[in-house]
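What follows is a set of notes on a single structure, which appears directly below.
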Amino acid sequence: MTKSPLKLFFSLGILFIIIGLTLYSLWPSYVFPQNNTADFGELEYARFLAQTGQFDAAIKEYDTIQANSISSVVKSQAALEHLQVIKLQSQRPSEIVKARFTYFVWYATPIVLILSMLFFTVWGLLLIFRLIIKRPELAILPILDLSSQNIGEKLPQIVHYRAKELTWKFHNLSSSKLILSEILDVPTIGLISDGDSFDVSAIIETALLFSGGPSNLPLSRMIDGINIWFQQPKHLIQCELNKTDDNIVLHMLLLKGSNKVVENSWSIQIKHDPRFDKPSQIADVIIFILLYRFGTKISARNWESLRALCAGLEKLQDYLESDASTKSLEDAKNSFEKAIEIDREYHLSIYNLGLVFLRMGYYDQARDQFKEVMLLSQDNKLSEYATYCYGATLLQLSQEWSYRRAIEVFSKLIEDTRNNDVNDMVRSALALAYAKVAERDKENQDTLLQMARQEIQTIKLSNRATQEVRAAALSAEGYCNLIGGNIQEAIQCFLESTKRDSNNISALIGLGNAYFKNSQKESAVKAYAMAENLSPSSGYPSYKLGSVYQDIGEIDQAILAYERSANFPLSSLALGKIYLQQEDHERALELFRKSVMHNKKLSDGWANIAWTICEMGTNDPAFIKEAEESARRALQVEQNQAQLWHRHCVLARVYLLSKKPLKALSEAKKAVELSPQSQAYYFLALVEKELGNKESIENIRMKILELGDSEWISKCKSLVSP
């Protein structure tokens with residue numbers, strides 16, 4: 001039965017009303033001539049029996065009337081009609097058939113008309129039902145299992161449950177903001193899925209999934225068939241499972257529900273993954289093919305990249321639910337990378353990969369991902385989110401150049417965005433960026449702080465700013481006060497920020513900074529510890545805690561704090577410096593390498609790699625090559641002009657190690673030109689000693705004497721001592 005219920009009941013209604021009207025037109029005339037049939041009420045039933053061919057019953061009824069009627073006229077008429085009935089009864093069979101047909105017409109006409117009205121009523125109810133209840137998108141028919149796995153019957157139900165799970169996860173991705181809010185100094189934007197591009201409920205939850213249910217009895221099959229006919233899904237899915245070697249081959253057809261024409265077909269070889277059971281793997285293939293096929297604005301170019309994206313999002317959900325398991329985070333990264341490998345222009349995967357890199361502390365990689373999406377995505381919403389996260393990543397790099405670049409990014413985004421919520425978040429981030437630059441740029445500090453306060457005031461006056469955004473603005477105001485020397489006001493701002501948003505890591509770190517600057521170091525430790533408890537794996541709070549312990553001389557505690565945040569570049573750098581002071585060159589070098597792996601623009605990390613190799617005094621060509629490359633890289637990425645002289649000194653020392661004294665001399669002279677201080681002169685003296693220029697060394701020693709730096713006077717004197 002292929003006709004839809006609406007068409008069927010409407011057709012039946014039309015058919016029965018035509019039959020009913022036809023029968024009504026054949027409504028029987030009286031058997032008796034009108035002029036001989038006076039209108040006697042007592043005779044009506046007997047006449048009816050006679051006219052409908054029920055002669056025996058009619059004769060009996062006339063006998064009763066003649067015996068019991070009071071009126072002689074009625075008795076006379078009854079006797080007359082009684083004789084006529086007997087005469088009709090004795091006629092040929094054709095007359096009897098005609099009489100029987102007359103009875104049928106008389107009896108069937110009202111029934112047929114009632115049935116027609118019933119069919120029209122059902123049709124009307126179905127029409128209203130269809131207008132209210134959305135027509136199912138698809139139905140998965142019983143799966144033909146030729147793979148000898150005995151899994152075909154339960155697959156549709158597995159698909160159904162898996163689809164419900166995906167629906168729930170797509171609709172709960174807002175919780176993924178927690179992945180970022182632990183580590184960023186600014187309000188966060190969470191993950192995005194292609195689930196935003198299709199109505200999963202329309203595709204899956206209203207789909208009819210038939211497997212025979214818990215029973216394969218014929219009655220169950222028949223009920224399923226009636227149900228699928230009644231619901232009339234727009235599409236039907238037919239699947240067949242075969243086996244080749246150890247793999248399952250899924251053949252899948254997409255049919256139009258109306259005429260069963262094939263719209264699309266797939267043949268997928270499914271390699272068994274020991275981590276999952278076979279039915280779940282097959283169900284995932286079916287579900288993601290359908291999601292990709294029926295999505296309205298899917299940005300993926302094929303179902304496999306969509307599947308990889310969703311797998312990554314699921315792993316991030318696991319990360320949230322498994323108390324920050326790094327394995328789940330690594331699995332999510334691998335899934336997003338797989339999605340990008342399948343579809344290099346899948347910007348959703350690139351964006352989400354950037355968020356994972358950001359969470360893992362791989363700031364260079366995160367920045368590159370966000371920048372690509374920011375520049376290439378045609379989706380305005382995604383592009384805005386990527387731009388915001390790009391700026392947030394620059395803030396996390398914690399260098400003056402990155403803060404200045406963040407200011408440019410946030411300022412441009414404020415001009416371009418029409419999303420008020422994003423606008424407020426960007427303003428709070430921009431205020432913080434201004435404050436961070438003001439901390440380093442003493443010359444323009446007042447102007448920068450004023451610009452930061454303007455953004456803060458805009459947020460305070462906004463009626464739509466969320467508590468999270470207001471808390472971030474108060475945190476930025478606290479940094480402004482701290483930089484301006486108003487420590488007590490800064491403390492109050494940070495405390496107020498934590499009241500509005502108890503999870504504001506930036507405010508707690510700022511509070512720790514304010515306490516530290518106010519010589520309240522125990523309070524600073526408590527503030528940093530609170531931040532670390534809220535964000536155990538983000539790194540920055542642990543780094544700040546280690547810095548305080550190192551300042552107060554508790555080196556063992558500092559090492560523990562740095563080790564807890566070993567993936568955070570500044571922690572690796574600080575811990576490496578401790579081991580370098582302890583002359584544990586191997587561990588120091590490993591940590592410096594780790595710091596630049598996470599932040600390739602960390603000039604201090606590159607410089608310390610080169611310095612550590614020089615301290616090792618090695619002749620290994622591989623180490624010397626690494627030292628040269630690292631020293632040059634430190635010079636290239638250094639954005640702080642005040643540190644350039646030191647980077648030239650490091651490169652000069654490396655050239656001495658590699659037996660290139662003339663190059664070393666050139667670098668040492670550049671260092672002295674940039675900053676004529678004792679340490680720069682000392683490195684120049686080292687080079688001159690290598691070249692055998694004792695007179696030059698003496699002149700340099702006199703320069704250092706003029707500067708009055710006893711430490712470097714002593715070191716330089718040792719260069720000329722016999």
Among (1) within 30 Å of Ile505 (Cβ to Cβ); (2) at pLDDT 90 or above; (3) assigned to a helix (DSSP H, G or I) - the single one Pro541 does not satisfy | (2)
Can you confirm whether the range 660-669 contains a residue that is within 30 Å of Arg405 (Cβ to Cβ) and either touching a residue at least 12 places away in the same chain (Cβ under 8 Å) or buried (at least 21 other Cβ atoms within 10 Å of the Cβ) (or both)?
-> yes
Considering residues that are in contact (Cβ under 8 Å) with a residue 60 or more places away in the chain and of a type in the set (S, T, N, Q), the number found within the range 495-533 is 2
Residue that is modelled with the lowest pLDDT [pool: residues in the range 561-587 that are of a type in the set (A, V, I, L, M) and closer than 16 Å to Ser542 by Cβ] = Ala566
Residue check: is Gly484 under 19 Å from Leu395 (Cβ atoms) and either in contact (Cβ under 8 Å) with a residue 12 or more places away in the chain or not hydrophobic (A, V, I, L, M, F, W, C) (or both)?
-> no
Search the range 480-503 for residues being part of a helix (DSSP H, G or I) and polar (S, T, N, Q), and hand back the single one that is farthest from Arg453 (Cα to Cα).
-> Thr498
Using the structure shown, decide if Ser147 is modelled with pLDDT under 80, in the same structural domain as Asn264 (by TED's automatic domain parsing) and among the polar types (S, T, N, Q).
-> yes
Check the range 690-700 and report whether any residue there is under 27 Å from Trp606 (Cβ atoms) and at pLDDT 85 or above.
-> yes
Inspect all residues belonging to the range 20-37 and state whether any of them is at pLDDT 80 or above, of a type in the set (A, V, I, L, M, F, W, C) and either within 26 Å of Ile111 (Cβ to Cβ) or touching a Cys at 6+ places or on another chain (Cβ under 8 Å) (or both).
-> yes
Kindly check whether there is at least one residue in the range 424-439 that is under 19 Å from Leu508 (Cα atoms), among the charged types (D, E, K, R) and buried (at least 23 other Cβ atoms within 10 Å of the Cβ).
-> yes
Among the residues of the range 680-704, which ones are part of a helix (DSSP H, G or I) and out of contact with any helix residue (DSSP H, G or I) (no Cβ under 6 Å at 6 or more places or on another chain)?
-> Leu686, Lys694, Glu695, Glu698, Asn699, Met702
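Rundown of residues vs (1) among the polar types (S, T, N, Q); (2) surrounded by fewer than 22 Cβ atoms within 10 Å (Cβ to Cβ); (3) within 18 Å of Gly391 (Cβ to Cβ), yes/no style:
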{"site": "Ser328", "(1), (2), (3)": "yes, yes, no"}
{"site": "Ser335", "(1), (2), (3)": "yes, no, no"}
{"site": "Tyr346", "(1), (2), (3)": "no, no, no"}
{"site": "Tyr362", "(1), (2), (3)": "no, no, yes"}
{"site": "Gln369", "(1), (2), (3)": "yes, no, yes"}
Of all residues in the range 263-295, count the ones that are farther than 21 Å from Arg344 by Cα and in a loop (DSSP other than H, G, I, E, B).
-> 7
Looking at Glu532, Glu522, which one is in contact with a helix residue (DSSP H, G or I) (Cβ under 7 Å, 6 or more places away or on another chain) and either part of a helix (DSSP H, G or I) or crowded, with 23+ Cβ neighbours inside 10 Å (or both)?
-> Glu532
Mind listing whichever residues of the range 388-421 are in a helix (DSSP H, G or I) and over 28 Å from Pro569 (Cβ atoms)?
-> Ile414, Glu415, Asp416, Asn420, Asp421
Counting just the residues of the range 369-387 that are without any contact (Cβ under 8 Å) to a residue 12 or more places away in the chain and in a helix (DSSP H, G or I), which one comes out farthest from Glu408 (Cα to Cα)?
-> Asn380
Residues in the range 401-409: is at least one more than 21 Å from Glu372 (Cα to Cα), surrounded by fewer than 23 Cβ atoms within 10 Å (Cβ to Cβ) and in contact with a Leu (Cβ under 7 Å, 6 or more places away or on another chain)?
-> no
Of the residues that make up the range 536-555, is at least one surrounded by fewer than 16 Cβ atoms within 10 Å (Cβ to Cβ) and more than 27 Å from Gly478 (Cβ to Cβ)?
-> yes
When residues of the range 446-471 are limited to those that are part of a helix (DSSP H, G or I) and surrounded by fewer than 16 Cβ atoms within 10 Å (Cβ to Cβ), the one nearest to the chain's Cα centre (by Cα) = Gln467
Do you know which residues across the range 371-396 are closer than 26 Å to Pro541 by Cβ and surrounded by fewer than 23 Cβ atoms within 10 Å (Cβ to Cβ)?
-> none
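The values are calculated or read from the model by the stated rules, or taken from the named source; none is laboratory data. What you are looking at is a predicted structure, and each value in this text was computed from that prediction instead of being measured. Quick reminder, even Gly has a Cβ in these numbers, built from the backbone with ideal geometry, and neighbours come from all protein chains shown.
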